[in-house]
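Remarks on the structure that follows.
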Amino acid sequence: MSQQPYQAPRGTKDVLPENQPYWQMVQDVSRKTLEGVGFQKIDLPHFENADIYNRGLGDQTDIVQKEMFLLQSSPEKSEDSSYALRPEGTAGVVRSYIQHGMSSWSQPVRLYYIGAMFRRERPQKGRYRELYQAGVEIFGDASPKSDYLAIMSAWEVLKRLGLKNLVVFANSIGCSKCRPKYLAKLKKYYKELLANVCEDCQQRYEQNPLRLLDCKREQCQNTTENAPIILDSLCNECRNHFQQTLEYLDYFDIHYDLDPKLVRGLDYYNNTVFEITVENDRNRQNTICGGGRYDGLVEMLGETSTPAVGFACGIERIIRLLKEQGIKPPASRGVEVCILQLGEKAKEVSKEVYDQLSREDINVYFVPCNDGLRQQLQTANKLNARYAIIIGQREAMKNEAILRDLSGSTQELLPSKFLVEEVKRRLS
Ligand SMILES: [Zn+2]
Ligand SMILES: [Zn+2]
């Protein structure tokens with residue numbers, strides 16, 4: 001019986017060579033942009049103690065309840081199961097901030113990461129169980145400057161990638177002083193309407209009423225239409241904070257819109273929350289970036305209260321949007337020059353030429369083989385090299401080389417000493 005070939009696990013994908021230029025571009029632009037506004041890179045383990053997610057994200061959230069991959073390396077020992085593949089980046093960065101005493105570093109501490117996250121989601125179009133995110137966290141600044149910096153740097157990454165028609169949806173979900181009053185109003189409003197909302201929402205009513213606003217089901221959206229708006233219930237401090245953040249966005253010409261139903265899926269947020277998507281996506285099916293302020297999380301995970309704000313962008317979603325908008329990544333340089341040689345003396349000279357070109361950061365392919373010239377030329381063509389340098393026994397003796405343009409099939413004989421300069425000139 002023939003065996004079915006193995007497949008990548010459900011909800012995962014291979015990034016094949018043809019798609020790599022998109023991945024490269026997103027990572028390069030993210031790195032360059034974020035470092036350019038003062039963020040430093042941090043790499044963290046792909047799994048952490050599951051507790052940091054239970055406590056940090058909230059054990060009533062979908063991520064923790066339904067989507068976490070728990071690890072159990074030896075079934076007999078129950079402590080092994082207390083690890084989880086990271087479902088998001090923030091809790092791990094907070095763990096690292098505390099572990100490495102970053103509160104004693106010069107504040108604010110600005111960190112960014114790029115890497116894989118894991119969620120046991122129901123696989124569907126555009127949703128992956130292994131997904132890549134680029135994100136930032138800013139610790140130690142309670143002022144709206146950092147809310148602005150988070151939104152602005154996400155916006156700048158997306159803009160530099162060439163994405164168009166973007167909009168930031170923003171909201172404030174208040175603080176521990178003003179939110180409870182709002183939640184009481186919200187629950188009062190929903191009390192009469194509970195029969196109309198979905199089962200999940202009935203549970204949210206008890207456990208996490210703010211997320212009633214966030215339900216994507218149509219039956220529930222009708223109900224949220226007339227729900228009280230949190231912006232009307234903010235305390236003065238929260239209102240001023242949000243107002244100042246929006247004024248900064250105005251200065252920078254960032255296109256934003258207020259969305260009183262935007263609450264984000266995680267428990268740790270307070271004050272500013274935001275998502276970036278394309279215009280006309282009010283239900284945000286195509287959100288590519290989300291974030292907000294989370295002043296309570298550092299304390300929740302064990303250290304003294306530390307203000308913080310951040311965002312995460314979904315790299316798969318960004319790439320989907322780049323393709324939809326017809327934005328092409330720069331082509332890879334690939335092989336620029338192939339050195340073809342014939343004979344012992346030519347091999348020696350070729351090695352020198354190879355070293356010289358490499359030092360100039362030119363991509364060179366050279367294998368000191370004994371293949372015939374025709375075969376070596378075939379190899380150069382298969383590699384899509386732009387130029388071939390041909391050195392036979394005669395050229396080697398006379399300190400010369402043939403430079404052949406493989407696209408135009410023209411060639412010229414050059415003294416060896418001019419060779420590298422000429423290749424550089426033509427490539428530039
Ligand atoms: Zn408040
Ligand atoms: Zn619902």
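Each value in this text was obtained by applying a stated rule to the coordinates, not by laboratory testing. Bear in mind the structure is a predicted one, so any value in this text is a computation, not a measurement. Reconstructed Cβ throughout: ideal geometry from the backbone, glycine too, with neighbour counts over all protein chains shown.
Which FRET efficiency, nearest 0.05, do Glu247 and Tyr6 yield, Cβ-Cβ r, R0 51 Å? Given R0 = 51 Å and the Cβ-Cβ separation, E is 0.40.
Extension gain, Gln27 to Cys198, is 57.6 nm, computed as 0.36 nm per intervening residue step minus the present C-alpha separation. Spin-label model, Ala116/Glu18: points 7 Å from Cα along the beta carbon direction are separated by 2.3 nm. Selection among Ser96, Phe139, Ile114 by position relative to the dipole of the stretch 76-163 gives Ile114 as farthest towards the positive end (Cβ unit charges, Cα centre). Our note on the geometry: Cα centres of the stretch 183-250 and the stretch 364-428, 68 Å apart.
What is the calculated FRET efficiency for Asn370 to Phe47, with r their C-beta to C-beta distance and R₀ = 51 Å, to the nearest 0.05? E(calc), rounded to 0.05, equals 0.50. Highest mobility in the GNM of the chain, judged by mean-square fluctuation with C-alpha springs under 10 Å and restricted to His46, His100, His241, is found for His100.
Comparing Lys398, Lys177, Lys13 in a Gaussian network model of the chain, where Cα atoms under 10 Å apart are tied by springs, the biggest mean-square fluctuation is seen for Lys398.
In a simple Cβ point-charge model (Lys, Arg +1; Asp, Glu -1; nothing else charged), the chain has a dipole of about 720 debye relative to its Cα centre.
Below 14 angstrom from the Cβ of Arg386, what's the summed charge of the other residues (Lys, Arg +1; Asp, Glu -1)? Surrounding charge for Arg386 is +3. As a rough guide to protection, the peptides 289-298, 311-320, 380-389 ranked by mean Cβ packing within 10 Å, highest first, stand as 289-298, 311-320, 380-389.
Since only Leu414, Gln203, Thr12 are under comparison, the one whose Cα sits farthest along the positive direction of the charge dipole of the chain, derived from C-beta charges on Lys, Arg, Asp and Glu, is Leu414.
With a cut-off of 13 Å between beta carbons, the residues surrounding Ser428 carry a summed charge of 0, where Lys and Arg count +1 and Asp and Glu -1.
Taking Cα atoms only, the orientation of helix 20-36 departs from the longest principal axis of the chain by about 70 degrees. Put a dot 7 Å past the Cα of Lys328, heading toward its Cβ, do the same for Thr304, and the two dots end up 5.7 nm apart.
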